[in-house]
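Only one structure is covered here, and it is reproduced in the block below.
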Amino acid sequence: MGALWQDIRYGYRMLWKNPGFTLVAIIALALGIGANSAIFSVVNAILLKPLPYKDPQQLVIINHNYPKLNLRATVSAPGYVYYRDHAQSFSDVAATAGWSANLTGGGGEPERLQGMQVTTNLFPMLGAQPARGRAFTAQESQPGNHRVVVLSDALWQRRFGSDPAIVNQTVTLNGESYTVVGIMPPSFQYAREMGQMIDLYSPIAFTPEQLSNDNAGLEYLTVMARLKPGVSIPQAQAELNTIADQLRQVFDTGDSSVWGLTLRSYNELVIGEIRPALFILLAAVAFVLLIACANVANLLLARAAVRQKEIAIRAAMGASRMRIVRQLLTESTLLSVAGGVLGLLLAVWGVDLLLKVNGNKLPRAHEIGLDVNVLLFTLGVSLLTGIFFGLAPAFQTSKTDLHETLKEGGRSGTGTAHRGLRNLLVVAEMALTVVLLVGAGLLVRSFLRLEQVNPGFQPQNILAMQLSLPANKYPEAKQRDAFYQQMLAEVGSLPGVKSVGGVSVLPMGAGGNSRTFTIEGREAPEGQQSPHGDSWAATSDYFKTMSIPLVKGRYFTEGDTAASPNVVIIDEELARKFFPNEEPVGRRITYDDPTSPDAKWREIVGVVGHVKSRGLEGETRPQFYFPYHQVTQAAMYLVVQTQAEPASMAGSVRGAIQKVDKDLPVFRVTTMERLVAESLAQRRFATFLLGVFASVALVLAVVGLYGVMSYSVTQRTREIGLRMALGASARDVLKMVVGQGMMLVVIGLGIGLVASFLLTRVMSSILFDISATDPLTFILISLLLVTVAFLASYIPARRAMRVDPMTALRYE
């Protein structure tokens, strides 16, 4: 232990005596280690940490599945009850449903709260208990007893000032009184791992009508189950397949390709599609660290030339080779630990930057941070890095020729071996940098192509916000219709407003309500799925406001009322898919049983452009629109086309709405440009980070090449002087030095291109409209690297051209 402490003290003194070398090495290592710690903190939170529930690995989600439609749906109320009562693979089955509430009264401004209706067994199944008060009782799941709520800790603090007396008090939600029975602890934030902020919970109270088999197609419940101990997901899936077979017989849909049940881990649902991007980023930062290690190893080799005499003296005085290696490894470990400390500080800043860049759209974003796991990871990486980059230089430096080194004026010793190892490290740096640059280039080009995708509307100068009318204040359809007509008129009369409309669901959101329909005169063959699409309710000026083009027919008018014939507008995708080579305008469709005398048939009066409703990537389902006057809804999105910056109009629009109803909260205020940008958040996150890491790698690689060439010029001063004395021109020296550098670059580039061709194939799943082996990207990256590397070689070569032969020869 005493010898180790002596090595540490001596290593510290040696590093302190060379502050320039030490600072450069620590910064290079800090960049590599900091990048690894920052990305690992994301990987740790999303992929490695268990979800904050009891035995989270047992939690699964049950979905209805429609293979022919490529659609995974939620579950109906009778379906939930059947699975709860009949599936033997689960110890418990719970359900949740979306719910929102307008909070009024209590002396505060009206506020829209994001709630969730839950079955009373959800909290016990998750292993959660309220911090104050109690959870729901079984009696509160009955209609008439369900007007109770449990508050989230965040809402309790924000709205009620952390007042414990709120328990057992009433609050007004959607115009009705609800009793607060409990407050959840701060650690319980169910669904936040998927980006949902739940303010309060209320029990689901199923009515006999909701549980009727007639409502088996009304799918609105998210069903979570807990596997029994020892039961695997495949085993539970096999049982669900049997249950689905039974239900298909009940509903006369025996073909399993029409409908089925699927099971997946809740953890996998949370992670979503981000796993490949995280693994690619983790590999990228590992490459950056390797490049940093190669750089520092080169610095150590350069420094070894200065320390040859010191090492030789220590060996001559009896120090063994392993003793010298241990000393040198101690110094490299001190460097790496210092780089790790600085890297940890960079990681703290980097994690905040990651969350800001991605708009907190990452799953489990609120859990991302530097915890014990990240600290241990950083410590481990720092120690391993110190050994990794220090090992080769230490063994190379310890091979000292005492006779040559201790001779007066001796300068060789290990120069040739050092030069070969330094060149090898530069080649490795170049190869790794090429892989990173190609990967970043592919993502950048993919992102640029995605940004050019037409969303089907013009997002510029569009302000959007959501309203929801309480049922007790607006129970009748005509009351809701009258409110929205008056509200649209008030907003439309504001200065700076060009057009205003309303729609049930905004594009770039969750899509529309999925519905099947029947085309008049073209009933679907038995056993086959009926035509299917996403539906919206829209006001007459919605299409004009959003600049959704009319392909044929007409838009809705104010004459399309509840008293007029039922009409519908379809999009060009639905027309292409279900009306090929025929005129859709004038045809009729229904969403009811076409054989029923009460079926409501709707005439197609127009065809509009297809809207990318679920994001710019991939295909979205065919779409159709109902006139709002014929399908009135409580919740609507208001879209306002403005002459000025849309966000600046938010206050005026809010004021116009409150003129109509002062107690109605306005929420989810945003712009369509922002929504489009947010739909690309995860792709922008991966592209930005890989671009940053590739840039850092390029800088480190170029600095490494520059260092090698500068050191080479210094070591070969006598040779260059001799060549020039024998008649070599400055141009010859320039060609020799640059040629040496470019030879290293070409070798590294060749290896890197081959590696890129093989490795970038794993990126195929996250690329859009571009091949993983895109030739243009490979060519552009090669030209970039060659150009920058040429400059890194040219600068030392210029210095070599100015060598004075007489001075160089006299010095030697």
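The values are calculated or read from the model by the stated rules, or taken from the named source; none is laboratory data. Model, not experiment: these values are computed from the prediction. A quick note on method: Cβ atoms are made from the backbone with ideal geometry, for glycine too, and the neighbour counts reach across all protein chains shown. Ligands, DNA and RNA are stripped out before the accessible areas are found, and what is left, the full protein with its side chains, is counted by its heavy atoms. Shrake-Rupley method; radii C 1.70, N 1.55, O 1.52, S 1.80 Å.
With respect to the stated conditions, T222 fails to be part of a helix (DSSP H, G or I), under 30 Å from K54 (Cα atoms) and either open to solvent by 20 Å² or more (accessible area, probe 1.4 Å) or among the hydroxyl-bearing types (S, T, Y) (or both).
For Y201, the stated conditions do not hold, so it cannot be described as in contact (Cβ under 8 Å) with a residue 12 or more places away in the chain and either touching an Asp or Glu at 6+ places or on another chain (Cβ under 6 Å) or open to solvent by 10 Å² or more (accessible area, probe 1.4 Å) (or both). Among the residues of region 268-285, which ones are open to solvent by 40 Å² or more (accessible area, probe 1.4 Å), over 20 Å from I33 (Cα atoms) and either modelled with pLDDT of 90 or more or not in a loop (DSSP other than H, G, I, E, B) (or both)? The answer is E268, R275, P276.
Out of everything in region 658-671 that is out of contact with any strand residue (DSSP E or B) (no Cβ under 7 Å at 6 or more places or on another chain) and either surrounded by 19 or more Cβ atoms within 10 Å (Cβ to Cβ) or not charged (D, E, K, R) (or both), what residue ends up being nearest to A562 (Cα to Cα)?
Here is the first cut: in region 658-671, the ones out of contact with any strand residue (DSSP E or B) (no Cβ under 7 Å at 6 or more places or on another chain) are 658-662.
In the following step, the residues that additionally are either surrounded by 19 or more Cβ atoms within 10 Å (Cβ to Cβ) or not charged (D, E, K, R) (or both) were identified as 658, 660.
Values: Q658: 26, V660: 23 Å.
Once the filter is applied, the top-ranked residue is V660.
Considering only strands (runs of 3 or more DSSP E) fully contained in region 543-634, which possess at least 3 residues that are at pLDDT 90 or above and not small (G, A, S)? Quick ask: steps written out before the conclusion?
Working: elements: 550-553, 567-571, 588-590, 601-608, 623-627.
Because the criterion is at least 3 residues that are at pLDDT 90 or above and not small (G, A, S), the strands (runs of 3 or more DSSP E) in region 543-634 that meet it are 550-553, 567-571, 601-608, 623-627.
Mind telling me which of the residues A236, A244 ends up being small (G, A, S) and either in contact (Cβ under 8 Å) with a residue 40 or more places away in the chain or closer than 26 Å to A365 by Cβ (or both)?
A236
Residue count for region 672-684, restricted to those that are within 26 Å of S765 (Cα to Cα) and open to solvent by less than 20 Å² (accessible area, probe 1.4 Å): 2.
Matching residues to (1) under 26 Å from E558 (Cβ atoms); (2) small (G, A, S); (3) open to solvent by 10 Å² or more (accessible area, probe 1.4 Å):
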{"position": "K612", "(1), (2), (3)": "no, no, yes"}
{"position": "R621", "(1), (2), (3)": "no, no, yes"}
{"position": "V631", "(1), (2), (3)": "yes, no, yes"}
{"position": "A634", "(1), (2), (3)": "yes, yes, yes"}
{"position": "L638", "(1), (2), (3)": "yes, no, no"}
{"position": "T642", "(1), (2), (3)": "yes, no, no"}
{"position": "P646", "(1), (2), (3)": "yes, no, no"}
{"position": "V653", "(1), (2), (3)": "yes, no, no"}
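Could you tell me whether T687 is assigned to a loop (DSSP other than H, G, I, E, B) and surrounded by 19 or more Cβ atoms within 10 Å (Cβ to Cβ)? It is false that T687 is assigned to a loop (DSSP other than H, G, I, E, B) and surrounded by 19 or more Cβ atoms within 10 Å (Cβ to Cβ). Do we find a residue being within 32 Å of the chain's Cα centre (by Cα) and either assigned to a strand (DSSP E or B) or not charged (D, E, K, R) (or both) anywhere in region 241-257? No, region 241-257 contains no residue that is within 32 Å of the chain's Cα centre (by Cα) and either assigned to a strand (DSSP E or B) or not charged (D, E, K, R) (or both).
Restricting attention to region 152-183, which residues are within 33 Å of the chain's Cα centre (by Cα) and free of Cβ contacts under 8 Å to residues at least 12 places away in the same chain?
Hits for region 152-183 are Q157, R158.
Could you go through region 369-376 and let me know if any residue there is open to solvent by less than 10 Å² (accessible area, probe 1.4 Å) and modelled with pLDDT of 85 or more.
Looking only at region 369-376, we keep the residues that are open to solvent by less than 10 Å² (accessible area, probe 1.4 Å), and these are 374.
In the following step, the residues that additionally are modelled with pLDDT of 85 or more were identified as 374.
Within region 369-376, one or more residues are open to solvent by less than 10 Å² (accessible area, probe 1.4 Å) and modelled with pLDDT of 85 or more.
Considering region 63-72, the residues that are touching a residue at least 40 places away in the same chain (Cβ under 8 Å) and more than 30 Å from L155 (Cβ to Cβ) include one that is surrounded by the most Cβ atoms within 10 Å (Cβ to Cβ), namely H64. Say whether the condition of being more than 37 Å from the chain's Cα centre (by Cα) and charged (D, E, K, R) is met by at least one residue in region 186-201. Checked against the condition, which is being more than 37 Å from the chain's Cα centre (by Cα) and charged (D, E, K, R), region 186-201 yields no hits at all. Annotation: D593 fulfils all but one of (1) open to solvent by 30 Å² or more (accessible area, probe 1.4 Å); (2) in contact with a Leu (Cβ under 9 Å, 6 or more places away or on another chain); the unmet one is (2). Contact annotation: residue pairs with Cβ atoms under 7 Å, 6 or more positions apart or on different chains, pairing a residue in region 9-25 that is part of a helix (DSSP H, G or I) with a partner that is modelled with pLDDT under 70, are F21/R303; T22/L15. Identify the single condition in (1) out of contact with any strand residue (DSSP E or B) (no Cβ under 7 Å at 6 or more places or on another chain); (2) farther than 17 Å from S76 by Cα; (3) of a type in the set (V, I, T) that V250 does not satisfy, given that it satisfies every other one. Condition (2) is where V250 drops out. Of the residues making up region 401-457, those that are modelled with pLDDT under 65 and surrounded by 24 or more Cβ atoms within 10 Å (Cβ to Cβ) number 1.
Within region 78-194, considering only strands (runs of 3 or more DSSP E) that don't extend past its boundaries, which have at least 3 residues that are open to solvent by less than 30 Å² (accessible area, probe 1.4 Å)?
Working: elements: 90-104, 111-118, 148-151, 170-173, 176-183.
Once the strands (runs of 3 or more DSSP E) in region 78-194 are filtered for at least 3 residues that are open to solvent by less than 30 Å² (accessible area, probe 1.4 Å), what remains is 90-104, 111-118, 148-151, 176-183.
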